[in-house]
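The values are calculated or read from the model by the stated rules, or taken from the named source; none is laboratory data. Since we're looking at a predicted model, the values are computed, not measured. FYI the Cβ positions are ideal-geometry reconstructions off the backbone, even for glycines, and counts take in every protein chain you see. The accessibility values were calculated without ligands, DNA or RNA, using every heavy atom of the protein model including side chains. Shrake-Rupley method; radii C 1.70, N 1.55, O 1.52, S 1.80 Å.
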Amino acid sequence: MNIIVGLTGGIGSGKSTVASLFLEHGAGIVDTDEIAHYLTQADGPAIARIRSVFGDDFIMDDGALNREKMRRLIFSDVAAKKRLEVILHPMILESAKTQILQMQSKPYIILVVPLLPESPSFQKLIQRVLVVDCDEDTQIARVTGRSRMTEADVRDVIAQQTPRKKRLQFADDVILNESSLGNIAEQVTALHERYSAIR
Ligand SMILES: Nc1ncnc2c1ncn2[C@@H]1O[C@H](COP(=O)(O)OP(=O)(O)O)[C@@H](O)[C@H]1O
Ligand SMILES: [Mg+2]
């Protein structure tokens, strides 16, 4: 049985970037953000239930989740956030388990879970925790650079996520992502050697 490493980190810390570097080494990658995106894309598997719980207003004309509108709702409404999680989390978990079963020939699996510190059901699937870490200013610069989110939006997300210090306490391994892409590639190569050797 090859190990499953849970990869987590705050918004914009570099989780997807790090996962793609592990992919180049031949690791199996299961990305719960990608699964959530797939479930809520135009006429995706979660759309009918989201429509029945939240109403037509939250579904766009093309049949995809209105992400902007949902994001605003769940920031201000904890109960609504919970209702969305009750729909999505079991579907994400099932899909992740299915993908893991299909990756048994890989040397190890990287399971990307942004909310790993808050998700006991995902913690049960993994043997190690890898945290991608960087400071808040770097997170803000990256996310405002890659999306239409403003600095205030990013600060709101960071405030809702597990605090940096607490997340680091939860880590078995840490990738510090504050310098060049070449620098994190070296850190990934070192971890690849270690994870490949664990059986
Ligand atoms: N070391 C780095 N140097 C420059 N840009 C980076 C670095 N790490 C990540 N980025 C960029 O920052 C943005 C956020 O990274 P991403 O991997 O998408 O974060 P996450 O998946 O954790 O939200 C992306 O546009 C990515 O290309
Ligand atoms: Mg990502």
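Compute the distance in nm between two label points, each set 7 Å from the Cα along the Cα-to-Cβ direction, one at D135 and one at Q102.
4.2 nm
About its Cα centre, how strong a charge dipole does segment 62-199 have in debye, to the nearest 20, once Lys and Arg get +1 and Asp and Glu get -1 at the Cβ? It would help to have the intermediate numbers written out before the result.
Values: 21 positive and 18 negative charges, 98 e Å.
Computed charge dipole of segment 62-199: roughly 480 debye.
Calculate, for D173 and S121, the FRET efficiency according to 1/(1 + (r/R0)^6) with r their C-beta to C-beta distance and R0 22 Å; round to the nearest 0.05.
0.50
Counting heavy atoms of the protein chains only and a 1.4 Å probe, report the per residue accessible area for the chain as a whole number of Å². Write down the numbers at each step before the final one.
Details: 10440 Å² over 199 residues.
About 52 Å² of surface per residue is accessible.
Taking Cα atoms, how many degrees apart are the long axis of helix 15-24 and the longest axis of the chain, rounded to 10 and kept between 0 and 90?
So the helix axis and the longest Cα principal axis differ by about 50 degrees.
So, counting K/R as plus one and D/E as minus one, what does the shell of residues with Cβ under 12 Å around T138 add up to?
Residues near T138 contribute -3 overall.
Considering only protein heavy atoms and a 1.4 Å probe, what is the carbon-and-sulfur percentage of the accessible area of segment 1-126?
55 percent
A 27 angstrom limit on the alpha carbon distance is what I want to check against. Which of K15/K106; K69/K165; K69/K166; K82/K106; K97/K165 exceed it?
From the list (K15/K106; K69/K165; K69/K166; K82/K106; K97/K165), the Cα-Cα distance tops 27 Å for K69/K165; K69/K166; K82/K106; K97/K165.
Take the alpha carbon gyration tensor of segment 78-199, find the square roots of its eigenvalues, order them as a ≥ b ≥ c, and report rounded if a/c is under 1.5; if not, report prolate when a/b exceeds b/c, else oblate.
On the way: a/c = 1.92, a/b = 1.10, b/c = 1.74.
Note, shape of segment 78-199 comes out oblate.
Once the other residues with Cβ under 12 Å from the Cβ of I92 are scored (Lys, Arg +1; Asp, Glu -1), what is the net sum?
-4
Gaussian network model of the chain, Cα springs within a sub-10 Å range: biggest mean-square fluctuation belongs to which of I29, I109, I59?
It is I59.
Calculated FRET efficiency, A64 and R199, Cβ-Cβ r, R0 30 Å, to nearest 0.05?
For A64 and R199, the calculated efficiency is 0.10.
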